[in-house]
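Some notes on the structure that comes next.
The values are calculated or read from the model by the stated rules, or taken from the named source; none is laboratory data. All figures in this text were calculated on a predicted structure; none of them were measured in a lab. FYI the Cβ positions are ideal-geometry reconstructions off the backbone, even for glycines, and counts take in every protein chain you see. Only protein heavy atoms, including side chains, enter the accessible area calculation; ligands, DNA and RNA are left aside. Shrake-Rupley method; radii C 1.70, N 1.55, O 1.52, S 1.80 Å.
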Amino acid sequence: MCRLAPAAGFEVLREVSQRTNIKLHTVADAVLDWALKQKPLPVDVDRDLQAALRRHSHAVDDPDQPG
């Protein structure tokens, strides 16, 4: 489980959208379906989401650090 500030969460979704060439609202819908309905994420979304979360992990590790 990963906690992000709303702005960092939006940035993660935006990065995944850009890297996968999938509209942001479609990425967000896929993440919600995964979280709420246990539907699997598309492989490319899952891969890029994990990478984006790793890049933004400093926001989780140190909430006082600007993200």
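Quick check on my filter: what residues within segment 1-30 are at pLDDT 95 or above and either open to solvent by less than 60 Å² (accessible area, probe 1.4 Å) or in contact with a Gly (Cβ under 6 Å, 6 or more places away or on another chain) (or both)?
Glu11, Val12, Leu13, Glu15, Val16, Ser17, Thr20, Ile22, Leu24, Val27, Ala28, Ala30
Looking at Asp48, Asp44, Asp33, which one is closer than 18 Å to Leu4 by Cα, at pLDDT 95 or above, of a type in the set (D, E, K, R) and assigned to a helix (DSSP H, G or I)?
Values: Asp44 fails: closer than 18 Å to Leu4 by Cα; Asp33 fails: closer than 18 Å to Leu4 by Cα.
Going through Asp48, Asp44, Asp33 in turn, just one is closer than 18 Å to Leu4 by Cα, at pLDDT 95 or above, of a type in the set (D, E, K, R) and assigned to a helix (DSSP H, G or I): Asp48.
With the structure loaded, tell me whether Asp44 is on the phi < 0 side of the Ramachandran plot, in contact with a helix residue (DSSP H, G or I) (Cβ under 7 Å, 6 or more places away or on another chain) and buried (at least 17 other Cβ atoms within 10 Å of the Cβ) or whether it fails that test. Quick ask: steps written out before the conclusion?
Working: on the phi < 0 side of the Ramachandran plot: yes; in contact with a helix residue (DSSP H, G or I) (Cβ under 7 Å, 6 or more places away or on another chain): yes; buried (at least 17 other Cβ atoms within 10 Å of the Cβ): no.
No.
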